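Down below is the structure, laid out as structure tokens.
The values are calculated or read from the model by the stated rules, or taken from the named source; none is laboratory data. Computed from a prediction, not measured in an experiment: that's the story for all the values here. Note: ideal-geometry Cβ built from the backbone for every residue, glycine included; neighbour counts use all protein chains shown. Only protein heavy atoms, including side chains, enter the accessible area calculation; ligands, DNA and RNA are left aside. Shrake-Rupley method; radii C 1.70, N 1.55, O 1.52, S 1.80 Å.
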Amino acid sequence: MAKVAFIGLGNMGSGMAANLAKAGHEVRAFDLSDAALAKAEAAGCIRAASAAEAASEADVVVTMLPAGKHVEDVYENSILGAAPKAAILIDCSTIDVTTARKVIADAEAAGYQMVDAPVSGGIAAAEAGTLTFMCGGTDKAFEAAQPFLEIMGKAVIHAGGAGAGQAAKICNNMLLGASMVATCETFALAQKLGLDPQTFFAISSQASGQNWSMTSYCPVPGVGPQTPADRDYEGGFATALMLKDLKLAMEAAQSVNAYTPMGAEAEELYTRFANLGGAGKDFSAIIKMIDDSWEKPADA
Ligand code: NAD
């Protein structure tokens, strides 16, 4: 049984921390939100008064925070120095590659092993322990983190050195955003050309247009497997989070002078959809902006 510090018990972190506790580890949990702490306690975690207190005797520190500035702040001000030097530090948040590399470099300079380990999979996968982790860091750090990530996920992949997990995550999500938009406009065109969406799905899902956004996450209600489209685009992966990842991808592309026109177009379209009040809807709901059936909510 290891002592785990878990910082950031929101939509994703709450299920992940609960799975570590369920596996028999002693999880000392901290979040700025009292409600999140109460939920973690009910799931078998021990409430800590601060991130530094949670980390003070930890063998493992896991963070699941909103963005790069939170990750930098928590590591620089609460974890580095407070956690024992032998602890393995694991940041599972989705953040920019530059900050991920900086925090890992600072952690290594302070004598720690650390990986960036962002996830693919949403709230349901976090609760079920079926996330995919993409990891960046040294072989030694990856090997130390792996057994704990395996409790929370179904796949744990070492992508390369520091920041490689974040690079893999934003490249994957740029492809996902662009492929979802392409899938949406394709179904909208097919319908305008008089094709039944179920029939088009049966053809294209077995032809060269086949892709995950169509076969596993079809944006058309009633077509393909059950998806957020069948629940009025509730749950799933919010447009706001897709937009966050597309912005990170564009920032990364700019930093290395990469030409990413499809990613840029996807970012622009998701920005428009968020501004039309779609930020809280699943990202496949963008089909409603594309086929012109979206009704802007009164409060947007
Ligand atoms: P969330 O906003 O629900 O949770 C973040 C938690 O961090 C909140 O409870 C907040 O109170 C806490 N927090 C913020 N600053 C803190 C601090 N200084 N100390 C302690 N706690 C602090 O976000 P989420 O949906 O759980 O996402 C977390 C990360 O996972 C993000 O980087 C997100 O991009 C990524 N992600 C989310 C999903 C998803 O479907 N929600 C999927 C994949 C990746």
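When H70 is tested against (1) near the ligand (Cβ under 10 Å from one of its atoms); (2) touching a helix residue (DSSP H, G or I) at 6+ places or on another chain (Cβ under 7 Å), exactly one condition is not met: (2).
Scanning segment 245-266 for residues that are part of a helix (DSSP H, G or I) and surrounded by fewer than 21 Cβ atoms within 10 Å (Cβ to Cβ) turns up K247, M250, E251, A253, Q254, S255, P261, M262, A264, E265. For segment 77-97, the set of residues classified as among the charged types (D, E, K, R) and open to solvent by less than 20 Å² (accessible area, probe 1.4 Å) consists of D91 only. For segment 276-300, taking the residues that are in a loop (DSSP other than H, G, I, E, B) and among the small types (G, A, S), the one that is least open to solvent (accessible area, probe 1.4 Å) is identified as A279.
Are any residues in segment 139-157 open to solvent by less than 60 Å² (accessible area, probe 1.4 Å) and under 21 Å from E108 (Cα atoms), and if so, which ones?
Of everything in segment 139-157, those that are open to solvent by less than 60 Å² (accessible area, probe 1.4 Å) and under 21 Å from E108 (Cα atoms) turn out to be A141, F142, A144, A145, Q146, F148, L149.
Of all residues assigned to segment 232-244, at least one qualifies as being under 21 Å from A124 (Cα atoms), among the small types (G, A, S) and surrounded by 20 or more Cβ atoms within 10 Å (Cβ to Cβ). You will find that of Q166, Q226, the residue that is at pLDDT 95 or above and more than 19 Å from the chain's Cα centre (by Cα) is Q226 and no other.
Take segment 247-283 and flag every residue that is among the polar types (S, T, N, Q) and out of contact with any helix residue (DSSP H, G or I) (no Cβ under 6 Å at 6 or more places or on another chain).
Matches in segment 247-283: Q254, S255, N257, T271, N275.
So that you can scan it fast, the table gives a plain yes or no per residue for (1) outside any loop (DSSP other than H, G, I, E, B); (2) under 24 Å from A249 (Cβ atoms); (3) out of contact with any Phe, Trp or Tyr (no Cβ under 8 Å at 6 or more places or on another chain); (4) near the ligand (Cβ under 9 Å from one of its atoms):
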{"site": "M1", "(1), (2), (3), (4)": "no, no, yes, no"}
{"site": "F6", "(1), (2), (3), (4)": "yes, no, no, no"}
{"site": "G24", "(1), (2), (3), (4)": "no, no, yes, no"}
{"site": "A36", "(1), (2), (3), (4)": "yes, no, yes, yes"}
{"site": "E53", "(1), (2), (3), (4)": "yes, no, no, no"}
{"site": "A58", "(1), (2), (3), (4)": "no, no, yes, no"}
{"site": "V62", "(1), (2), (3), (4)": "yes, no, no, no"}
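Look at segment 85-101: where a residue is assigned to a strand (DSSP E or B) and a partner is polar (S, T, N, Q) and at pLDDT 95 or above, sitting 6+ places away or on another chain with Cβ atoms under 6 Å, you get I88/Q113; D91/T63. Within segment 98-131, restricting attention to residues that are polar (S, T, N, Q) and surrounded by fewer than 18 Cβ atoms within 10 Å (Cβ to Cβ), which residue is farthest from the ligand (Cβ to nearest atom)? Among those residues, the one meeting the criterion is T98.
Against the condition hydrophobic (A, V, I, L, M, F, W, C), touching a residue at least 40 places away in the same chain (Cβ under 8 Å) and under 30 Å from A67 (Cα atoms), how does A264 come out, does it pass? No, not satisfied. Within the option set S213, S204, S208, being closer than 20 Å to V119 by Cα and either more than 16 Å from the ligand (Cβ to nearest atom) or open to solvent by less than 10 Å² (accessible area, probe 1.4 Å) (or both) holds for one residue only, S213.
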